[in-house]
């Protein structure tokens with residue numbers, strides 16, 4: 001197949017710290033198919049490059065290079081919240097992507113279009129497809145969560161409904177998202193629960209030579225509201241009352257970083273909390289292997305944004321790192337309370353602290369949970385199976401009927 005992929009998140013250069021899940025799927029599809037990726041440009045990134053024999057990427061321009069700051073490092077929605085002036089970039093971004101997609105359809109003549117996120121990629125795919133006279137080219141759209149949950153305006157709702165009805169198939173990364181997609185008007189049999197994957201066979205694997213820290217609590221994720229780090233800091237202050245050896249390592253960057261550092265100081269735990277910042281994806285496994293547990297205190301943000309799945313949890317479990325996470329619907333796709341990890345009430349620091357202490361007090365029991373968690377990841381979330389599922393779906397969408 002000739003597959004055209006549209007995305008706003010893609011590695012900009014070698015060693016980039018951007019989430020790599022779209023790239024990981026594309027490079028696996030490119031083992032057998034021609035894959036062209038359309039992604040936003042930014043300072044320091046190549047406008048076009050070939051990443052393999054069958055995988056190439058074109059990055060569209062939408063502003064002078066120094067102003068191309070709408071995508072990456074937290075995502076478009078987060079960038080707009082942090083700086084209102086960036087709203088002025090939106091029309092140019094949409095026009096730049098629309099033109100790039102139209103040209104790709106005209107020149108590449110794809111057999112299928114795979115758009116990651118309903119807005120803007122899914123909606124722009126429909127427009128570009130019509131403009132290029134290629135309405136019969138099937139569109140498969142993947143929603144990752146924020147586009148489905150956080151965009152609530154009337155225009156966004158209409159655009160999402162149009163994409164949901166027009167796509168040959170709509171994939172969502174967790175079961176809770178399927179009901180939401182059907183409410184938009186997507187036919188039930190066209191909505192597929194198909195999460196992104198993790199490399200649980202080569203990168204995220206346990207290492208028996210590495211000894212787990214007795215009290216190291218780990219967090220990995222963007223420092224934004226929906227990740228719930230404010231609740232983790234409050235919980236950790238309670239943990240320290242009973243576990244003086246405990247230490248919290250926070251990996252990730254984001255707009256709340258300064259606020260969280262100040263909060264740790266106010267709680268009197270700044271000496272026991274290390275803010276590492278963003279790290280290369282290649283070294284994340286080292287942190288998972290040595291931590292006593294991963295804490296994922298996610299919440300539903302004020303604007304409705306929430307976890308689509310939480311691949312960080314799957315990465316940790318693949319390394320047999322015990323997990324304590326919030327009891328949210330999407331997270332239950334990975335964590336079965338008491339079977340593959342522990343779930344705490346969302347936004348409840350006391351309950352979160354109790355669950356963390358339970359893991360610290362029973363490392364043998366926690367290891368057993370994590371071993372079963374790895375088995376679940378291998379069964380449902382390893383890239384070998386995930387990529388095959390997407391390949392099958394993309395191929396099926398090109399066949400009449």
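Since every read-out is calculated from the coordinates, none of them should be taken as a lab result. Just so we're clear, the structure is a prediction, and the values are computed from it rather than from any experiment. Cβ: placed from backbone, ideal geometry, glycine included. Neighbour counts: every protein chain shown.
Taking one equal scatterer on every alpha-carbon of the stretch 321-383, how large is log10 of I(q)/I(0) by Debye at q = 0.18, 0.19, 0.22 1/Å? At q = 0.18, 0.19, 0.22 Å⁻¹ the computed log10 ratios are -0.60, -0.66, -0.85.
Please report the relative contact order for the chain, taking Cα pairs under 8 Å with a sequence separation of at least 6, and give it as a percent rounded to a whole number. If you can, show how the numbers build up before the last one.
Numbers: 800 pairs, mean separation 59.3, N = 401.
Rounded, it is 15 percent for the chain.
If you bin the C-alpha pair distances of the stretch 220-276 every 10 Å from 0, what whole percents do you get? Spelled out per bin, shortest first, that is 25, 60, 15, 0.
Which FRET efficiency value, to the nearest 0.05, do you get for residue 127 and residue 271 by plugging their Cβ-Cβ distance into 1/(1 + (r/R0)^6) with R0 = 51 Å?
Working: r = 54 Å, r/R0 = 1.06.
Using R0 = 51 Å, I get an efficiency of 0.40.
Go ahead and run the numbers for FRET between residue 384 and residue 193, Cβ-Cβ distance against an R0 of 22 Å, rounding to 0.05. Efficiency, rounded to the nearest 0.05: 0.75.
In the stretch 24-155, the inverse of the mean reciprocal separation of distinct Cα atoms equals 15.7 Å; this is its Kirkwood hydrodynamic radius.
Multiplying the residue separation of residue 282 and residue 154 by 0.36 nm and subtracting their alpha-carbon distance yields 42.0 nm. The alpha carbon convex hull volume per residue for the chain rounds to 133 Å³. Among 116, 41, 245, 33, a tally of other beta-carbon atoms within 10 Å of each Cβ gives an order, fewest to most, of 245, 33, 41, 116. Placing a label point 7 Å from the Cα of residue 210 along the Cα-to-Cβ direction, the residues of the stretch 279-303 with a backbone N closer than 17 Å are 279-295.
Our estimate of slack between residue 99 and residue 14, defined as 0.36 nm per intervening residue step minus the Cα-Cα distance, is 27.9 nm.
At 222 nm, what helix-only mean residue ellipticity would the chain give, in deg cm²/dmol to the nearest 500, using -39500 (n - 2.57) for each DSSP H run of four or more? Could the numbers behind the result be given before it?
On the way: 14 runs with 155 residues, N = 401.
Only helices count here, giving -11500 deg cm²/dmol.
By its C-alpha gyration tensor, with a ≥ b ≥ c as the square roots of the eigenvalues, how is the stretch 290-401 shaped: rounded for a/c under 1.5, else prolate for a/b larger than b/c, else oblate? It comes out oblate by the Cα gyration axes. Taking the DSSP beta bridges with both ends in the chain, the antiparallel portion is around 5 percent. For the stretch 216-380, the spread of Cα coordinates along the three principal axes comes to 42, 36, 31 Å, biggest extent given first. The distance linking the stretch 329-348 with the stretch 1-20 is 30 Å (Cα centroid to Cα centroid, whole angstrom). Using alpha carbons only, the radius of gyration of the stretch 160-293 set against its Kirkwood radius gives Rg/Rh = 1.11. Take the Cβ-Cβ distance between residue 81 and residue 371 as r, set R0 to 51 Å, and report the resulting FRET efficiency rounded to the nearest 0.05. Once rounded, the FRET efficiency stands at 0.80. Relative to the current alpha-carbon distance between residue 47 and residue 32, full extension at 0.36 nm per residue lengthens the span by 2.9 nm. Here 5, 279 are placed in order of increasing Cβ neighbour count within 10 Å, fewest first, which gives 279, 5.
In terms of surrounding Cβ atoms within a 10 Å radius of their Cβ, 390, 288 rank from fewest to most as 390, 288. Measuring between their Cα centroids, the stretch 233-261 and the stretch 184-206 lie 30 Å from each other. Relative contact order, whole percent, for the stretch 131-240 stands at 20, derived from Cα pairs under 8 Å and 6 or more residues apart.
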